[in-house]
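Read the structure below first, then the notes.
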Amino acid sequence: MFYRLPWLGILVLTLSSQHDVALGQAASPVTLKVTVEYEGSGIVDRDHRLVVFVFDTDNIGHEATPAPLATAAAEKNGAVLSFSLGKTPVYLIAYYDKAGTCTADLKELPSGVPAALHGANPAQADPVEITTGRVAEIKITFDDTLILP
């Protein structure tokens, strides 16, 4: 009986780890690097930043949008933002802070700002799958075409 307990513990840990991955939990933190570029009419600087939100759902910008997994802001156009995430896939939206009201504790999307979802169609978020042990690198380029409601 004594010899079976350590084996059982290893079996339970292994099954738990596989279960987490199946549910979208990364086995260990994964890294996502996002290059964000704004081609609209405004100037990107300390007061007018580019902001990226990372979500675990593609239901972004709707009434029931959950809190983001992570956020980051860039003071330079074409900057690379890095995220350490515990989930995959993820979905992204970037916006230009034209009013200069972006704060460090970003929790919700502002209205009336130029934005784009990461994907083939700027109005529809595509999933970003990140393999454990690898760094995913993507680019979001947008202009003033899509304005958040």
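Computed from the coordinates by the stated procedures, all read-outs in this text should not be read as laboratory data. Bear in mind that the values here come from a model prediction, so they are computed numbers and not experimental data. Quick reminder, even Gly has a Cβ in these numbers, built from the backbone with ideal geometry, and neighbours come from all protein chains shown.
Restricting to region 25-142, what percent of DSSP beta bridges are antiparallel, rounded to 5?
Of the beta bridges lying entirely in region 25-142, close to 75 percent run antiparallel.
Setting aside same-chain residues fewer than 8 positions from K87, which lysines have a Cα under 23 Å from its Cα?
Filter leaves K33, K107, K139.
Loop-only trypsin sites (Lys or Arg not before Pro) in region 104-149, please: DSSP not H, G, I, E or B, and at most 11 other Cβ atoms within 10 Å.
Passing both the DSSP loop test and the Cβ count: K107, R134.
Under the rule a/c < 1.5 gives rounded, and otherwise a/b versus b/c splits prolate from oblate, where does region 93-137 land using the Cα gyration tensor?
oblate
Hey, what did region 25-142 get for relative contact order, percent, Cα under 8 Å, at least 6 apart?
Answer for region 25-142 is 38 percent.
Name the aspartates and glutamates eligible as straight-distance cross-link partners of K98: C-alpha to C-alpha under 15 Å, and not fewer than 8 places from it in the same chain.
Partners within reach: E37, E39, D45, D47, E75, D143, D144.
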